[in-house]
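Right, one structure below, let's go through it.
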Amino acid sequence: MAAAAASSPARVVLFGCGGVGVALLQQCVRLHKANMSFVPVAAVCDSKHMVTAANDIQVLNNEALERIVATKQNGLSLDTLASCDGITVQPADAGIDTILTSSDPSSTIFVDCTASDAMGATLAAWVAKGGAIALANKKPITGDLALYQKLTANPKKFRAESTCGAGMPVMATVRRIVRSGDPISKISGAFSGTLGFVMSGLEAGKSFSAVVEEAKELGYTEPDPRDDLGGTDVARKALILARAQGWPLELSDVEVESLYPEALGPELMSLADFMSVGLKALDAPIQKLVHAAAAKGEVLRYAATVEGGRCKVGVVSVGKSTPLGSLSGTDNLLELRSECYHPNPLVLQGRGAGAEATASGVLADILELAD
C-alpha cells in the first residue's frame, strides 16, 4: 500500500457489512489509492463473523478490503475468506470480546453501520473504556434515554452524522449551533427520501398506490413499504434532533402519523394483500388531502417538526414557494430557526438517502474523530 498523504493513527472496527458498510470500505480504498488519507481498518464484523488482519501491523490492506466488499456483494458469508492470505476469520462474539479487552480505546474507533438494536451494549462498553464511536445506526441513540446518555457522555468521542440526512451535515450544523449558545426555536424538515418521492408523486397527479408501487420497484422503499409509510424512521430522526438539543425525550414521546391505518398493518394484513388491496384502499382518502391542499395553493409533505419540547411527524400542507414545498424527489431538507437564523431560517437541502451518501457521512465522522 502506498504511503498516504494524511494518515489517521486511529484504527477502525467496522460493524455491519450491508450496503452502507460496503460503501464505506469502498470509499476507504479510494482514499488510499488516491493517496489522500489512510483509514486503517483493523476489523470488519457482520452478525456472524469478524475479519481481522493476519499481519504485523494488524490492519487490513486494500486487497483484503476489496475481497470483503466482493464477498458481501456476492451474498456470501465472511467465513469464505478464511483461506485467504493476510486474513483471519473468527466468530463475531469472540472477536468482539477480544477487541473490547485488548484494543487501545485511545486509538480505536467503533463504527456502527448495522441496523441492529443489539449494538447498544457493545458501543456502551467501548465508550465506558474511553473509546470513540461513529454511528449510521439510529437505533442505539433512539432507544432508552439512559443508553443515549451513556453513548454521548463525551461529545468529543461521539459522532452520528449519518443518522439524520445521510451525508448532509445536519448533525454537525445542529451541534455547532447548540455549542455556540444560539437557542434553537424550531427544526422542521423532510428526512425520508422515500416519503419525499411519494409526496412528489402525489403533487404530480399520481395516485398513492401507483407512486408507492413505483418507489418499491425503484428500490426506494424497504421490502415492506409499510416500514417507511408508518413514519417510525422519521420519528427516530426527529428524536435524534431533539436529544441533540438536550431534550430528555423517549421515542414514545414522538407524535407519529402513519400513512396507513392499523387495520392495514403487518400484524393484520400480509404484504401481498397490502400491495394488491390495501394500497388502493388508501387512494381516495389521501387524494382528498391532496385536493384540500391544492385548493389553498399548497402541497403535501411528510415532515418532522421539533419545537417547544415536542416532536411530531406526519403529513403537512405547505406553500409551494416555501423551502419544504419546493422540495422534490428523494432530497432531504432541514429548516432551522434560532435567534440568529430569524426571520429567515437556515436551510440545508440535498441527497438524504442512499448507501454512498450515508457512508460519506460516516467517513467524515471517522476522519474528524481521528484528528
Counting only residues that are in a strand (DSSP E or B) and closer than 19 Å to residue 119 by Cβ, how many does the range 33-51 have?
-> 8
Tell me, please, whether a residue that is part of a helix (DSSP H, G or I) and either farther than 23 Å from residue 333 by Cβ or at pLDDT below 95 (or both) can be found in the range 181-191.
-> no
Hey, does the range 130-149 have a residue that's small (Gly, Ala, Ser), without any contact (Cβ under 8 Å) to a residue 12 or more places away in the chain and either outside any loop (DSSP other than H, G, I, E, B) or open to solvent by 50 Å² or more (accessible area, probe 1.4 Å) (or both)?
-> yes
Residue that is most open to solvent (accessible area, probe 1.4 Å), among those in the range 204-259 that are part of a helix (DSSP H, G or I) and acidic (Asp, Glu) = 217
Answer yes or no as to whether residue 249 is in contact (Cβ under 8 Å) with a residue 24 or more places away in the chain and either farther than 30 Å from residue 287 by Cβ or not aromatic (Phe, Trp, Tyr) (or both).
-> yes
Can you tell me which residue in the range 324-359 is nearest to residue 184 (Cα to Cα), limited to those that are among the polar types (S, T, N, Q) and open to solvent by less than 50 Å² (accessible area, probe 1.4 Å)?
-> 338
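Here's a check for you: in the range 34-50, which residue that is modelled with pLDDT under 90 and not aliphatic (A, V, I, L, M) is least open to solvent (accessible area, probe 1.4 Å)?
37
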Assuming residue 30 fulfils every condition listed in (1) touching a helix residue (DSSP H, G or I) at 6+ places or on another chain (Cβ under 8 Å); (2) in a helix (DSSP H, G or I); (3) within 21 Å of residue 370 (Cβ to Cβ) apart from one, which condition is it?
-> (1)
Residue among 278, 314 that alone is over 22 Å from residue 161 (Cα atoms), in a strand (DSSP E or B) and either out of contact with any strand residue (DSSP E or B) (no Cβ under 6 Å at 6 or more places or on another chain) or open to solvent by 30 Å² or more (accessible area, probe 1.4 Å) (or both) | 314
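The values are calculated or read from the model by the stated rules, or taken from the named source; none is laboratory data. From a predicted model like this one, the values you see are computed outputs, not experimental measurements. Positions of Cβ are backbone-derived with ideal geometry, glycine not excepted, and every protein chain shown enters the neighbour counts. All accessible areas refer to the heavy atoms of the entire protein, side chains included, with ligands and DNA or RNA removed. Shrake-Rupley method; radii C 1.70, N 1.55, O 1.52, S 1.80 Å.
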